[in-house]
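These notes concern the structure reproduced below.
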Amino acid sequence: MAVQTIVQTVARTLAEEMARDERVVVLGEDVGKRGGVFLATEGLFDRFGPDRVIDTPLAEAAIIGAAVGMAVHGLRPVAEIQFADYVFPGFDQLVSQAAKLRYRSGGAFTAPMVVRLPAGGGVAGGHHHSQNPEAHFVHTPGLQVVYPSTPNDVKGLLKSAVRGDDPVVFMEPKRLYRAIKEEVPDDPDHLVPIGQAVVRRAGDDVVLVSYGASMSETLRAADALAEQGISAEVIDLRSLLPWDEDLVLERVARVGRVVVVSEAPRTGSFASEVAATIAEEALDLLEAPPVRVTGFDTPYPYAQDRAYLPGPDRILHAVQRVLDY
Amino acid sequence: MIGKTQRFEPFAEAPVRVIDEAGQWIAPFAYNLDDDFVRGMYRDLVRARRLDERLSTLQRQGKVSFVASAAGHEGAQVGMARAIEPGRDWLYPYYRDLPLALAVGWPLAEAIAQQMATRADPARGRQMPAHPGSAALNLFTVASPIASHVPPAVGTAIAQKLAGQGDVTLCTFGDGATSEGDWHAALNLAGAQGAPVVFFCENNGYAISVAFRHQSGSVDVATKAHAYGMPGYRVDGMDALACYFVTRQAVEAARDGLGPSLVEAFVYRYGAHSNADDDARYRPADEVAAWRRRDPIGRMRRFLEGRGLWDDAAEAALAAELKAELDAAVRAVEAAGPVPLGWMFDDVLASPSLQLRKQRAALAAQRDLEEPAR
């Protein structure tokens, strides 16, 4: 067991997978000698060399597109997009090529690849260094989308993503890159299956459902509620496409009150999908409407960086609303 | 191997030509090909044209929803097909490449099944017509978004370079594709990586209705190769042998570790962009007629006849053979019947998600998933 941060876990997990399977290659901007602008690929270039740790031109369409072609030829590429905000030149490659390849070829071709997206706000980055674009990808059948929030899950989900047979959009909460440290098992086969949520904290009064960077605020809100004598259950979805609706529905059905937390803009958000599914499947068992706490329908602001995030205060306000209903 | 006298200089202004419209050998090197090899090329040219005509008939009969005629492109495609090793090298075609797919060995029945989307289609009826693909042939399944296959082609070429076996990738596109950002990003990456890929532009002068002079301020496509650090070649795309020789040179360079090349073949599509297009709105009939006189099939036939390798009897026998082959393939494809409704849910991921399983079950409660798809 080593105590490590999320960003250290990314680099060490990639190193483990590259050592385990020579088909695994890393590509992206500055991923080589620089080790990535966040150091998420630190040490890989020295250990595995330029053939397997490829510094690419500054072109996201080329990075993601090349990853598709590498995957088709039998490699296991892990592409880094420097910030999730810069994925859009490569959006077509993900949506039109990677996501539809298995389907459009009747299973003849597949694209087992990972696209890593450092995502989320709270880093004084303004609208082009802070976004959470998961909804764009969750709306694309043929992709898998994960957004872990802990070093343990980063290790387990990144390994599942690299070893899986489908393209995975791997979102990383960059605000938490160095904010959380925990013991991570040395087990080189520590896997977290894609599609499984986890209960972070058990509780009886309200269920808080969140994922990714917002897990930090959600857990702090649960602490504050505990001080008030309110017992909150906290579910970390971890995977968004597919997502663990059975676990969420089971817990929500038992408790009857639910708040969904995400820092992405509200309209058409993944939080909306969770809330709609709960309303559709469990309405009779609810004591209050499902409530969303989300970012706002603005571009991510610069000066209001922290206020935009659904922090503990806004979460507590929403919990009060479902308790008072 | 091509001898030194057969080497083509990059960026030569005049397109490379090997046989002229009269079927005369005009290359600055001697004819040195196996006669059966050339007869085989001619057969592929004619076979592709007959399929093209049959697909238009099937479209008018309502049995095929869409046709992107390749008539006029066959010379370029059959020529380049002979320059790679199918099943070893990789091919990233675009939607007007049925003659290319057939020439590298895609079975005719599979090709027709893809157009008709019956149960005989190995791709399970997932795509509109004109979208070939075959894992057995390393023929990357076509996707509609223009130039979106070019970055993946480079990725495959990088993987081939890492594997070190001397395999190459051949990637085709039309002139319109060269305006897309993905095209430039891909050629830039290929140049930076020295990837073993041959980019082949089938420049027919029009992206649907937009003439090349409105597509680019560049005089042509081959010129753009300068910017990416690779040789560019111009070739007469109505001359199948010229396309073969030039592509072969580019393929051999890629195999030898010399990196990518860009080949531009000047072709013409005789028909409209598709059955949904009206080309009379944007190009004069005499332009079409002029290009038809340069037809790659007639040119190759005259070449063969001039060398005593072909005659009317051989032509009649080929016509009968191809008609029988087409008739049998269409019959078999139709007989396979429509794909069932339930196939819609397969092949999204390696195993279906929880959500998709629920959606499938919900539809199964209302409809028989074995009933024909509509």
*Each label point is 7 Å from the Cα along the Cα-to-Cβ direction; what then is the distance between the points at residue B:25 and residue A:202, in nm?*
8.8 nm
*Per-residue HN-Hα couplings for the range B:236-252, Karplus 6.51 cos²θ - 1.76 cosθ + 1.60 at θ = phi - 60°, whole Hz, x for Gly and Pro?*
6, x, 8, 10, 4, 5, 4, 5, 4, 5, 5, 5, 4, 4, 5, 5, 5
*Return P(r) of chain A (all Cα-Cα pairs; 20 Å bins starting at 0; whole %; ordered from short to long distances).*
34, 57, 10
*asked:* Please list 3J(HN,Hα) in residue order for the range A:133-146, calculated via the Karplus relation 6.51 cos²θ - 1.76 cosθ + 1.60 where θ = phi - 60°; whole Hz, with x for glycine and proline.
replied: x, 4, 4, 4, 8, 5, 8, 10, x, x, 9, 10, 10, 10
*Could you tell me the distance between the Cα centroids of the range B:1-61 and the range A:1-39, to the nearest Å?*
50 Å
*Once you list every other residue whose beta carbon is under 11 Å from the beta carbon of residue A:45, what net charge do they have if Lys and Arg are +1 and Asp and Glu are -1?*
-1
*In deg cm²/dmol, rounded to 500, what helix-only [θ] at 222 nm does chain B give when every DSSP H run of at least 4 residues adds -39500 (n - 2.57) and the total is split over its residues?*
-12500 deg cm²/dmol
*Any chance you could give the angle, 0 to 90 degrees and rounded to 10, that helix B:181-193 forms with the longest Cα principal axis of chain B?*
60 degrees
*asked:* With angles folded into 0 to 90 degrees, how steeply does helix B:312-335 sit against the dominant principal axis of chain B? Use alpha carbons for both and round to 10.
replied: 20 degrees
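Determine the shape class of the range B:4-338: with a ≥ b ≥ c the square roots of the Cα gyration tensor eigenvalues, call it rounded for a/c under 1.5, and otherwise prolate if a/b is greater than b/c, oblate otherwise.
On the way: a/c = 1.35, a/b = 1.16, b/c = 1.17.
Rounded, because the longest to shortest axis ratio a/c is under 1.5.
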*Between residue B:361 and residue B:88, what is the label-to-label distance in nm when each label sits 7 Å out along the Cα-to-Cβ direction?*
5.1 nm
*asked:* Give me, ordered by chain and number, the residues 5 or more places off residue B:271 or on other chains with an amide H under 5 Å from its own placed amide H.
replied: B:71
_I want to check the label-to-label distance for residue B:208 and residue B:256. Put each point 7 Å from Cα in the C-beta direction and report it in nm to one decimal._
4.3 nm
*For chain B, built as a Gaussian network whose Cα springs stay under 10 Å, the top-fluctuating residue of B:173, B:140, B:11*: B:11
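Treating only the Cβ atoms of Lys and Arg (+1) and Asp and Glu (-1) as charged, compute the dipole magnitude of the protein assembly as shown about its Cα centre; round to the nearest 20 debye. Don't skip to the answer; put the middle values down first.
Details: 71 positive and 91 negative charges, 156 e Å.
For this selection, approximately 740 debye.
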*trypsin sites (Lys or Arg not before Pro), restricted to the range A:220-325: which are DSSP loop and have at most 16 other Cβ atoms within 10 Å?*
A:266
_Cα Rg, Dmax (largest Cα-Cα span) when computed across the range B:236-374, Å_ = 24.5, 68
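Going by C-beta contacts inside 10 Å, put A:7, A:293 in order with the fewest on the left. Mind showing how you got there, number by number?
Working: A:7 22, A:293 27.
By the 10 Å Cβ count, ascending, the order reads A:7, A:293.
With the Cα gyration tensor of the range A:198-324 in hand, give its eigenvalues times 5 under a square root as the equivalent ellipsoid semi-axes, listed largest first in whole angstrom. Please list the in-between numbers first.
On the way: eigenvalues 89, 58, 34 Å².
One finds semi-axes of 21, 17, 13 Å for the range A:198-324.
Report the per residue volume, in Å³, of the convex hull enclosing the C-alpha atoms of the range A:2-184. Don't skip to the end; give the middle numbers.
Values: hull volume 18.1 nm³, N = 183.
That works out to 99 Å³ per residue.
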*Name the long-range amide H neighbours of residue A:26: under 5 Å, sequence gap of 5 or more, or other chain; modelled H, no Pro or chain starts.*
A:53, A:54, A:78
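With both bridge residues required to lie in the range A:2-184, what share of the DSSP beta bridges run antiparallel, to the nearest 5%? Let's see the in-between values first.
Numbers: 4 of 25 bridges.
Taking every DSSP beta bridge with both residues in the range A:2-184, the antiparallel ones total about 15 percent.
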*With Cα atoms, 0 to 90° folded angle of helix B:150-163 axis to chain B main axis*: 80 degrees
_q = 0.18, 0.24 Å⁻¹, the range B:301-374: log10 I(q)/I(0) [Debye, one scatterer per Cα]_ = -0.82, -1.03
*Convex hull volume of the Cα atoms in the protein assembly as shown, per residue, in Å³?*
162 Å³
*Taking H placed 1.01 Å from N in the peptide plane, check which residues at least 5 places from residue A:235 or on another chain put their amide H under 5 Å from its amide H.*
A:200, A:208, A:209, A:210
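Rule-based calculations on the coordinates, nothing more; no lab input. Just so you know, these numbers come straight off a predicted model, no measurement behind them. Cβ sites come from the backbone with ideal geometry, for glycine too, and all protein chains shown count toward neighbours.
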